[in-house]
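Since the structure comes first, as structure tokens, the remarks are kept for the end.
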Amino acid sequence: MIRAAVIGVGAIGKHHARIYSELEGVELAALAEPDEARRQAAARRFRVPTYATHTDLLAAERIHVVSVTVPTGLHHPVALAALRAGAHVLVEKPITSTLAEADELIAEAAARRLTLTVGHIERFNPAVAELQKRLAAGDLGRVFQVQARRLSPFPLHVLDVGVVMDLATHELDMLRYLLGSEVVRLYAETSRNFHARHEDMLSSILRFANGVIGVLDINWLTPTKVRELRLTGERGMFQVDYITQDLYFYENAEAASHWDTLALFRGVEEGRVVKLRVIKAEPLQQELQAFVAAVRAGAPPAVTGADGRQALRLAGLLLESAQQKQVLPGLEVSAES
Ligand SMILES: NC(=O)c1ccc[n+]([C@@H]2O[C@H](COP(=O)([O-])OP(=O)(O)OC[C@H]3O[C@@H](n4cnc5c(N)ncnc54)[C@H](O)[C@@H]3O)[C@@H](O)[C@H]2O)c1
């Protein structure tokens, strides 16, 4: 049995706890939560030992895997303490607040030969997994552009970071993952409208090393939740709805009829629209299952600490571009460097 703990039983932490308590071969062993009412509610629901601090939990319990689901500003000290206690760690996104903190976690995990993974949950969305398979098979031909829209109502409890760190990090990881390429140039505009301290809207254009253009449209200002990805390429357009896990392919009829003789290719014509079969599943369940499987196998996790660091680095560059009102060129650095 793998003994799991969750540190921070708030909005997302309670789902981590529920899933560990249901995963085969895993025992939810303990929880840490300083808020008295939340701690008591969690103790009643999960019937496991609960602690007010992560320090108390890590001193008292023998734990194999930990989810760090505290507010972003606390990811670093809590994840570091868990690694130093010998636990494999899944830290929620963004990995940490600064690159130096991310580097310290990555080095600590490597030195102790422990797994460190980051909660970039959309990698585990079944519609994304199906899309990734189809892109790898060349179904879209050359990719021209990716547009990501992540629009939300205002999140009253996110106080410590802005929308770039909170939401854009999801899409930055997704685009790197789907394109298999790094950003070489970017420009961002942000604005602060309702948030007391941080930006709540981002519009950005990215250029990837493989030539693809990325467009990000992200905010906390839209009264409905939109989570959508569109990839346009030679053979048409893929469209993913992350929420409903629907995947569509809008076929370019010209590409379909002239594919073998692309020299004759003339343009784009509306062809079939196909709704592709996706077997739906809870992304967080898939994520935690993959984390535990990587720990068991001693294999690298699907999302590495370096991936988390790269999403954080790019989010920082978006903020820098917006602040300087400038295009940031010459950025290509792989996640491994
Ligand atoms: N992957 C996703 O889709 C996703 C979704 C939501 C949140 N998140 C991330 O998860 C993290 C938590 O977000 P949230 O919305 O659940 O926040 P939240 O404020 O609802 O929950 C955080 C909890 O951590 C507790 N906490 C604070 N310090 C602690 C400590 N030292 N030890 C134990 N618990 C402590 C707080 O009391 C609170 O209950 C953030 O970094 C956020 O970016 C990721």
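The values are calculated or read from the model by the stated rules, or taken from the named source; none is laboratory data. Please read all numbers here as calculations on a predicted model, not as lab measurements. Backbone-built Cβ (ideal geometry, glycine too); neighbour counts: all protein chains shown.
Residues of region 1-55 that are among the β-branched types (Val, Ile, Thr) and either within 24 Å of the chain's Cα centre (by Cα) or closer than 19 Å to GLU287 by Cβ (or both): ILE2, VAL6, ILE7, VAL9, ILE12, ILE19, VAL26.
Candidates in region 42-54 are the residues that are of a type in the set (A, V, I, L, M, F, W, C) and surrounded by fewer than 21 Cβ atoms within 10 Å (Cβ to Cβ); of these, the one that is nearest to the ligand (Cβ to nearest atom) is ALA52. Checking each residue in region 219-238 for being surrounded by fewer than 22 Cβ atoms within 10 Å (Cβ to Cβ) and closer than 14 Å to MET174 by Cβ picks out ARG227, GLU228, ARG230.
Where helices (runs of 4 or more DSSP H) fall entirely within region 46-162, those with at least 1 residues that are out of contact with any strand residue (DSSP E or B) (no Cβ under 6 Å at 6 or more places or on another chain) and within 30 Å of ARG277 (Cβ to Cβ) are at 126-136.
Taking the condition of being within 10 Å of the ligand (Cβ to nearest atom), within 21 Å of ALA81 (Cβ to Cβ) and surrounded by fewer than 23 Cβ atoms within 10 Å (Cβ to Cβ), how many residues in region 1-13 meet it? Going through region 1-13 one residue at a time, the tally reaches 3. Residues that are hydrophobic (A, V, I, L, M, F, W, C) and either within 16 Å of the ligand (Cβ to nearest atom) or surrounded by 24 or more Cβ atoms within 10 Å (Cβ to Cβ) (or both) within region 104-128 comprise LEU105, LEU116, VAL118, ILE121, PHE124, ALA127, VAL128, listed in sequence order.
Please count how many residues of region 20-41 are within 13 Å of the ligand (Cβ to nearest atom) and surrounded by 22 or more Cβ atoms within 10 Å (Cβ to Cβ). Give the derivation first.
Pass one, region 20-41, residues within 13 Å of the ligand (Cβ to nearest atom): 30-41.
With surrounded by 22 or more Cβ atoms within 10 Å (Cβ to Cβ) added as a condition, the list becomes 30-33.
Adding up the residues that qualify gives 4.
Assess whether LEU221 counts as being outside the structural domain of VAL91 (by TED's automatic domain parsing) and within 20 Å of the chain's Cα centre (by Cα). It is false that LEU221 is outside the structural domain of VAL91 (by TED's automatic domain parsing) and within 20 Å of the chain's Cα centre (by Cα).
For region 59-74, the set of residues classified as more than 17 Å from LEU284 (Cβ to Cβ) and within 11 Å of the ligand (Cβ to nearest atom) consists of PRO71, THR72, GLY73, LEU74, listed by residue number.
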